[in-house]
């Protein structure tokens with residue numbers, strides 16, 4: 001009887017240690033590398049499901065930008081605002097590239113016109129300096145052009161928005177660019193295709209890091225029709241991108 | 001010959017007048033009714049495609065909030081932050097409910113925990129006062145509870161997030177709540193289901209207001225797998241919501 005209790009206690013200790021170890025290795029600290037003229041859903045696509053997850057897991061967010069001034073979803077250049085529109089808005093950074101957060105487990109890199117046409121050299125430098133210290137790097141859409149120019153995608157499988165394929169792939173001549181691919185995973189680098197593909201990528205990330213039950217629960221909350229097959233990418237054909245590489249690891 | 005030229009000129013004048021009239025009636029001025037603890041994609045879901053449209057059409061955006069202070073995607077109450085997370089961020093309002101924009105063509109109302117659990121009485125009052133002067137009112141997710149409590153959905157077909165169905169429908173006992181429905185249109189009131197359904201709703205709105213060519217182009221840009229049938233709503237069954245009303249007009 002007593003040995004039975006001791007066995008139970010020992011088993012519980014092992015289970016607790018394993019669970020605690022799992023807790024420790026699951027990513028906690030997320031940071032987004034922002035710049036002028038980022039795409040809004042490239043950011044909120046991943047952050048929205050993570051928001052709901054943050055009620056079950058202790059998660060932290062940093063938004064890094066060139067300065068502490070608001071950073072805008074706006075045309076990359078004023079001259080591109082040909083209709084004189086004002087359909088723009090801004091987010092508030094928490095950090096700057098000169099004063100970034102100390103611990104970043106997951107670095108998220110959005111795309112948008114700024115990633116392609118803006119001056120993002122400071123962001124590229126930051127990604128090059130920071131990548132060795134992060135657990136995961138995730139990019140969405142034309143955001144892949146930033147780690148590509150930082151060299152961290154060299155020799156890796158990666159994807160990007162199929163509409164901007166030739167522009168972005170030219171930024172990383174040594175990258176194994178993959179198409180069709182809704183998203184691609186190579187080691188600790190996750191890259192997704194256009195804008196809304198970020199949602200499909202982050203749900204797989206949540207499944208793998210925190211468990212399928214969280215992904216399923218949050219999918220039901222935000223009523224997202226998930227693409228669960230990384231090879232399911234009709235936009236490659238729509239934009240006339242020739243098949244290349246393997247959409248699965 | 002001369003009469004032929006005059007006929008051509010007359011026809012061109014009629015065509016130009018018709019096109020110009022179309023330009024004038026298409027919505028230009030969008031406003032989002034924000035509050036603490038709104039859902040991020042309930043806002044960026046519609047704003048993201050409208051951002052890309054704003055390079056072809058003159059579109060303006062106002063973000064209305066209780067004060068000019070940043071307005072947060074955060075738990076509705078601090079006490080709900082049980083994991084002590086900081087996975088939150090903020091947008092910058094352009095207007096307040098006491099000093100709203102003069103002309104609003106389209107009023108967008110997001111959901112989120114704040115719409116259900118927060119004090120949104122000022123937002124409800126604003127919607128009640130403003131609805132008679134807007135061309136269109138669009139809500140997403142639990143945001144439907146705000147116009148419901150304002151009384152403007154009374155006698156109208158409307159839908160909401162199926163996971164929050166009983167809570168939100170109780171806010172509008174005289175509304176013809178529709179399920180299954182990815183979105184529902186009744187006159188100038190458009191309501192969509194959970195979070196990402198806002199994208200499917202706004203693409204139909206863009207098609208109807210500005211033309212299918214813009215919706216198709218932007219869908220390809222942001223690589224969104226559109227739901228094009230308003231009745232295609234698997235989340236009604238997932239959340240055990242009984243069928244009611246007609247998902248099509």
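The values are calculated or read from the model by the stated rules, or taken from the named source; none is laboratory data. No experiment lies behind these values; they were computed from the predicted model shown. Positions of Cβ are generated from backbone atoms using ideal geometry, with glycine treated the same way; all protein chains shown enter the neighbour counts.
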Could you list all residues from the stretch A:44-76 that are in contact with a helix residue (DSSP H, G or I) (Cβ under 9 Å, 6 or more places away or on another chain), outside any strand (DSSP E or B), farther than 22 Å from residue A:103 by Cβ and at the interface with chain B (Cβ under 7 Å from one of its Cβ atoms)?
A:44, A:48
Can you pull out the residues in the stretch A:146-161 that are surrounded by fewer than 24 Cβ atoms within 10 Å (Cβ to Cβ) and either within 12 Å of chain B (Cβ to nearest Cβ) or part of a strand (DSSP E or B) (or both)?
A:157
Subset of the stretch B:227-245 (residues that are out of contact with any helix residue (DSSP H, G or I) (no Cβ under 7 Å at 6 or more places or on another chain) and part of a helix (DSSP H, G or I)):
B:234, B:237
Look at residue A:41 and say whether it is modelled with pLDDT of 95 or more, assigned to a helix (DSSP H, G or I), crowded, with 23+ Cβ neighbours inside 10 Å and within 14 Å of chain B (Cβ to nearest Cβ).
yes
Restricting attention to the stretch B:97-140, report how many residues are in a helix (DSSP H, G or I) and without any contact (Cβ under 8 Å) to a residue 12 or more places away in the chain.
3
If you go through the stretch B:198-226 one residue at a time, how many are within 22 Å of residue A:228 (Cα to Cα), part of a helix (DSSP H, G or I) and free of Cβ contacts under 8 Å to residues at least 12 places away in the same chain?
1
Considering only the stretch A:98-127, state which residues are surrounded by fewer than 20 Cβ atoms within 10 Å (Cβ to Cβ) and under 15 Å from the mean Cα position of the chain (by Cα).
A:105
Need the failing condition index for residue B:164 against (1) within 14 Å of chain A (Cβ to nearest Cβ); (2) within 16 Å of the chain's Cα centre (by Cα), just the number.
(2)
State which residue is nearest to residue A:49 (Cα to Cα) when the search covers only the stretch B:77-93 and only residues that are more than 8 Å from chain A (Cβ to nearest Cβ) and assigned to a loop (DSSP other than H, G, I, E, B).
B:77
Looking at residue A:218 and the list (1) modelled with pLDDT under 95; (2) in contact with a helix residue (DSSP H, G or I) (Cβ under 7 Å, 6 or more places away or on another chain), which single condition is not satisfied?
(1)
In the stretch B:224-242, the residues that are in contact with a strand residue (DSSP E or B) (Cβ under 9 Å, 6 or more places away or on another chain) and either at pLDDT below 95 or farther than 20 Å from residue B:144 by Cβ (or both):
none
Please tell me if residue B:143 is under 16 Å from the mean Cα position of the chain (by Cα), touching a residue at least 12 places away in the same chain (Cβ under 8 Å) and within 14 Å of chain A (Cβ to nearest Cβ).
yes
Taking into account only those residues within the stretch A:27-38 that are outside any loop (DSSP other than H, G, I, E, B) and touching a helix residue (DSSP H, G or I) at 6+ places or on another chain (Cβ under 7 Å), which is surrounded by the most Cβ atoms within 10 Å (Cβ to Cβ)?
A:33
